[in-house]
């Protein structure tokens, strides 16, 4: 009777024997490879065969690394674009401020030039805002009683007559512009000395010389200046230039004048506190009336 175990349960060599055989085989292969490079070709063959497998196994890692690098570069580029945009915005703001400052400096220099013409004591004011009344043309400026401003004082800009102080507060004042419909000004034509009254029309950039004689010598382009007869504005200040002449009326002539001052655009003003007086006019007495001049009748 056969008592040997079935083939499924046959163990063959014992584990200790197999360990010893494998250890000896490994030592022999190491010695052969170290001294004679006997396994170099085998390694190259195995490496060549396994290289595609390695690339396939490393593809997810490479894809993840590439995606992370791409996202990092996109984020850096976005941040750089944002920094450049902020820098460009800041540079544009600085350029606008520089342009605005240059414009204000030019206006101030021209105002100083107006002051040097001998218009008398004056104070420079800046426009705060324009009143919201649609039926008037008025501005608020940053100079008031504390700065010697009084109601009725003339107001100029660098190009000519702008208006007149109509209301004074401690630290601010209201200026009624020359184009206000309730504003009038005594003027004359510089070319021939003809006198007239300039009326505000309530529209921006428009004055009218009304009720002129039908035969008056007036032409388009004639310069209009202050006459000084109102006792408020010094004579010879630029008011505007005749833009059109209407002679269709039988009894009188109507002329329209384009103001010389930047009525709707100026920011820096000159308020005359002691306007220059015509040396040919007699001085005023304490009650505000003019004393008799030289050669005047008694």
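The values are calculated or read from the model by the stated rules, or taken from the named source; none is laboratory data. These numbers were taken from a predicted model, which means no experiment stands behind them. So basically every Cβ, Gly included, is an ideal-geometry build from the backbone, and we count neighbours across all protein chains shown.
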Report task. State yes or no: is residue 244 surrounded by fewer than 16 Cβ atoms within 10 Å (Cβ to Cβ), part of a strand (DSSP E or B) and modelled with pLDDT of 90 or more? Result -> yes
Report task. Mind listing whichever residues of the range 9-62 are exposed (fewer than 10 other Cβ atoms within 10 Å of the Cβ), in a helix (DSSP H, G or I) and over 60 Å from the mean Cα position of the chain (by Cα)? Result -> 9, 15, 16, 35, 36, 41, 48, 49, 52, 53, 56
**Report entry** Top-ranked residue in the range 159-177 [being farther than 13 Å from residue 270 by Cα and outside any strand (DSSP E or B); ranked as nearest to the chain's Cα centre (by Cα)]
**Finding:** 172
Query raised in the report: Of these, 142, 180, which one is under 31 Å from the mean Cα position of the chain (by Cα), surrounded by fewer than 16 Cβ atoms within 10 Å (Cβ to Cβ) and modelled with pLDDT of 90 or more?
Result: 142
Report task. Determine whether the range 263-282 contains at least one residue that is in the same structural domain as residue 206 (by TED's automatic domain parsing), in a loop (DSSP other than H, G, I, E, B) and modelled with pLDDT of 85 or more. Result -> no
Report task. With the condition kept exactly as written, say whether any residue in the range 206-229 is modelled with pLDDT under 85, surrounded by 15 or more Cβ atoms within 10 Å (Cβ to Cβ) and assigned to a loop (DSSP other than H, G, I, E, B). Result -> no
Query raised in the report: Which one of the conditions (1) touching a strand residue (DSSP E or B) at 6+ places or on another chain (Cβ under 7 Å); (2) more than 21 Å from residue 249 (Cβ to Cβ) does residue 209 fail to meet, given that it meets all the rest?
Result: (2)
Query raised in the report: Does any residue of the range 175-183 turn out to be out of contact with any helix residue (DSSP H, G or I) (no Cβ under 8 Å at 6 or more places or on another chain) and farther than 27 Å from residue 241 by Cα?
Result: no
**Report entry** Qualifying position, being closer than 28 Å to residue 136 by Cβ and out of contact with any strand residue (DSSP E or B) (no Cβ under 6 Å at 6 or more places or on another chain), among 204, 198
**Finding:** 204
